[in-house]
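Participant: Below is the structure I would like to discuss, written out as structure tokens.
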Amino acid sequence: MDENLIGRGLYLVVLGAAAAGALMVQMRGKRSAALQNLSIWALIFVGMIAGFGLWSDISKTVMPVEASYGPTGSITIPQSGDGHYHVTLKVGDVPVRFMIDTGASAVVLTPADAKRIGIDVVRLPFTGTATTANGQVATARVMLRDVTLGPVRDATVPAEVNKVGMQSSLLGMTYLQRFRKIEISDGQMILTR
């Protein structure tokens, strides 16, 4: 534990003890009411300590941070609560949320995301196949136009549309290899062009 965390914890303990002491003095002679109030304050205090201890985990879920963009062209993506890295790219003017997958050779769109960006999924020729952890799936090749991630813009990006629905579109190596450097450290992925 770092010294700041220990100091904050001690502060909360002292604050709780002072509140409990003041309550006991105020309720002298009213034992049942004092115990009831003391137990309410104890629950509030325990809840505050739990919230304080779990804040870093809670904040990743409740207030997920998107990518941040550095002045040198680097893009920093924080690790999500699920252990993956997620980022939103614009395809044309439509935001599409991707899970970054360095194990995927291609950019793969869910059928729903493909429809949102204007691809007629019904008319696509699903002649390709991809091998996934769940077996082989049919895919259709498409070309994404005007793809942006913050300040980084690509006129075209080859992609595939998966015939079977997936939880998220995947940002694979056909896009990631456009970056000069990919670094993962301290719960962050840093992409540099």
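Where a number appears in this text, it was derived from the coordinates with a stated rule and is not lab data. This one's a predicted model, so the numbers in the text were calculated from it and none came from an experiment. Note: ideal-geometry Cβ built from the backbone for every residue, glycine included; neighbour counts use all protein chains shown.
Participant: Pick from ILE44, ILE119, ILE182: which is most flexible by mean-square fluctuation in a GNM of the chain where alpha carbon atoms under 10 Å apart are linked?
Facilitator: ILE44
Participant: Still on this model: Sort GLU66, GLU160 so the one with the fewest other Cβ atoms within 10 Å of its own Cβ comes first.
Facilitator: Sorted ascending by nearby Cβ count, the order is GLU66, GLU160.
Participant: In the chain, with Lys and Arg counted as +1 and Asp and Glu as -1 at Cβ, which of these residues, LEU89, ALA19, SER68, has the Cα nearest the positive end of the dipole, that is, farthest along it?
Facilitator: ALA19
Participant: Quick one: THR88, THR174, fewest Cβ neighbours within 10 Å first, how do they rank? If you can, show how the numbers build up before the last one.
Facilitator: Values: THR88 12, THR174 16.
Ascending number of Cβ neighbours within 10 Å: THR88, THR174.
Participant: As a test, work out the antiparallel percent of DSSP beta bridges whose residues both lie in the chain, rounded to the nearest 5.
Facilitator: Working: 37 of 42 bridges.
Bridges in the chain that DSSP calls antiparallel: roughly 90 percent.
Participant: Let me ask another. If I stretch the segment between ARG153 and THR127 completely, what's the gain in nm (0.36 nm per residue apart, minus their alpha carbon distance), one decimal?
Facilitator: 6.5 nm
Participant: Express the relative contact order of the chain as a whole percentage, based on alpha carbon pairs under 8 Å and six or more residues apart in sequence.
Facilitator: Details: 290 pairs, mean separation 38.7, N = 193.
It comes to 20 percent, rounded to a whole number.
Participant: Under a 10 Å cutoff between Cα atoms, tell me which one of ILE117, ILE49, ILE75 has the largest fluctuation in the Gaussian network model of the chain.
Facilitator: Residue with maximal mean-square fluctuation among ILE117, ILE49, ILE75: ILE49.
Participant: Compute, for segment 123-166, the length of the dipole vector about the Cα centre, with Cβ point charges of +1 (Lys, Arg) and -1 (Asp, Glu) only. Units Debye, rounded to 20. Display every interim value, and only then the final one.
Facilitator: On the way: 5 positive and 3 negative charges, 27 e Å.
Here the size comes out at about 140 debye.
Participant: Here are labelled values, (1) 16.6; (2) 11.7; (3) 11.1, and one is the computed mean projected area of the Cα convex hull in nm² for what I pasted. Which one?
Facilitator: Comparing each candidate, only (1) matches the computed number.
Participant: I need THR156, THR102 ordered by Cβ neighbour count within 10 Å, fewest first. Each step should come with its number before you reach the end.
Facilitator: Details: THR156 10, THR102 14.
Listed from fewest to most nearby Cβ atoms, that is THR156, THR102.
Participant: Count the lysine pairs in the chain whose Cα atoms sit under 26 Å apart, keeping only pairs 8 or more residues apart in sequence or on different chains. Spell out each step's value before the answer.
Facilitator: On the way: LYS60/LYS90; LYS60/LYS181; LYS90/LYS115; LYS90/LYS163; LYS90/LYS181; LYS115/LYS163.
Total qualifying Lys-Lys pairs in the chain comes to 6.
Participant: Roughly how big is segment 68-192's charge dipole about its Cα centre, with Cβ charges of +1 (Lys, Arg) and -1 (Asp, Glu), in debye to the nearest 20?
Facilitator: For this selection, approximately 320 debye.
Participant: ALA42 versus GLN136, label points 7 Å from Cα toward the beta carbon: distance in nm?
Facilitator: It works out to 6.5 nm between the two label points.
Participant: Still on this structure: Using a 10 angstrom cutoff on alpha carbons, build the Gaussian network for the chain and name the most mobile of ALA104, ALA19, ALA159.
Facilitator: Answer for the Gaussian network model of the chain: ALA19.
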